[in-house]
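Below is one structure, written out as structure tokens; comments come after it.
The values are calculated or read from the model by the stated rules, or taken from the named source; none is laboratory data. Note that the structure is predicted; figures quoted are calculated from it, not measured. Please note: Cβ atoms are built from the backbone with ideal geometry, for glycine as well, and neighbour counts cover all protein chains shown.
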Amino acid sequence: MSVSRHPGDNNRQKDMSYPVPSLPERLLDIDATTLPVFGKATDYPRGHRVARHSHNKGQLIYAVSGVMVVTSDEGQWVVPPTRAIWMPTGFVHGIRCVGDLQMRSLYVRPDVAPQLPSEPQAVGVSSLLRELILAAMKLGGDYAPDSRDGRLAALILDELQALPVLPLHLPQPSDARLQRICERLQQQPDDPATLEQWAQELSVDVKTLQRRFAKETGMTFGQWRQQSRLLHGLELLAGGEKIISVALALGYASPSAFATMFKRQFGQTPSEFFVQSAV
């Protein structure tokens, strides 16, 4: 996995100025174990929210079925099956379940894989890694490096280093003016207002907004709005909405216009994106 950073984001790895929420009691065993790699299976109902928390281990957050919205101070990701989120050690994050969720997580002690990315990323999950994740749910305690479980853990670490990074991230700005714009666009994805109109509403020069968008998100206003719409569309599709309804809700002129933009960004049509197959 390569690490992608946004311009001006060199100091955003972990914001320790905020108190880290305490870990729920049912998750305390994750931080307590000394195993280099282990797995945990958790099922959640539609609409469930996992409160913000962090771990002293890296976590690959994967769903066998269902769709997650994972949020952190670095932004948010919409994650369907065959995709996952790599969440490094110490990053505070929360999860919202779009549908009934079968979550299968891998936890990695940071000292055994220091080369893994230091920032959260959406990644593809191959058919091999999927089977390794499922096998990791049965890893025993205190396995020896030369045991079957130890070799399984070593193979998992090898596979984690080869995961492709995917464009499922929506960065969130810290500038109050940009936050106002982004909140409106997420609440009303079909809002057609231009950046010039926003500049007038906020009584600020349009070039200032352009510079701030580029600095804080690594995107132009138009790119951010498009990414927000597409990720919201992913969430709606995962909930069973028809493509025509999703396209209209997002402000696209037709389902074909939405499908074209979707494929341009994600490399697949909306229907292909949710197929359970190797990436």
Item to complete: Could you please give the count of residues in segment 192-210 that are surrounded by 14 or more Cβ atoms within 10 Å (Cβ to Cβ) and either touching a residue at least 24 places away in the same chain (Cβ under 8 Å) or assigned to a loop (DSSP other than H, G, I, E, B) (or both)?
Response: 4
Worksheet item: Given the structure, is Glu235 part of a helix (DSSP H, G or I) and farther than 20 Å from Glu74 by Cβ?
Response: no
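Condition (residue is without any contact (Cβ under 8 Å) to a residue 12 or more places away in the chain and either part of a strand (DSSP E or B) or in the same structural domain as Thr34 (by TED's automatic domain parsing) (or both)) applied to segment 114-128: is it met by at least one residue?
The answer is yes, given that some residue of segment 114-128 is without any contact (Cβ under 8 Å) to a residue 12 or more places away in the chain and either part of a strand (DSSP E or B) or in the same structural domain as Thr34 (by TED's automatic domain parsing) (or both).
Mind checking which residues of segment 92-101 are in a loop (DSSP other than H, G, I, E, B) and either among the aliphatic types (A, V, I, L, M) or buried (at least 23 other Cβ atoms within 10 Å of the Cβ) (or both)? Give the derivation first.
To start, the set of residues in segment 92-101 that are in a loop (DSSP other than H, G, I, E, B) comprises 92, 98-100.
Once the filter is applied, which keeps residues that are in a loop (DSSP other than H, G, I, E, B) and either among the aliphatic types (A, V, I, L, M) or buried (at least 23 other Cβ atoms within 10 Å of the Cβ) (or both), segment 92-101 yields Val92, Val98.
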Worksheet item: Any idea which residue in segment 55-88 is surrounded by the most Cβ atoms within 10 Å (Cβ to Cβ), counting only those that are in contact with a Ser or Thr (Cβ under 8 Å, 6 or more places away or on another chain) and assigned to a loop (DSSP other than H, G, I, E, B)?
Response: Lys57
Discussion item. I'd like to know if segment 175-188 contains one or more residues that are in contact (Cβ under 8 Å) with a residue 24 or more places away in the chain, among the acidic types (Asp, Glu) and surrounded by 15 or more Cβ atoms within 10 Å (Cβ to Cβ).
Written reply: yes
Worksheet, complete the sentence: Note: among Arg26, Arg46, just one is surrounded by fewer than 21 Cβ atoms within 10 Å (Cβ to Cβ), modelled with pLDDT under 95 and out of contact with any Asp or Glu (no Cβ under 9 Å at 6 or more places or on another chain), namely Arg26
Item to complete: List every residue pair whose Cβ atoms sit under 8 Å apart, with the two residues 6 or more apart in sequence or on different chains, where the first one lies in segment 138-159 and is on the phi > 0 side of the Ramachandran plot and the second, anywhere, is not in a helix (DSSP H, G or I).
Response: Asp142/Leu35
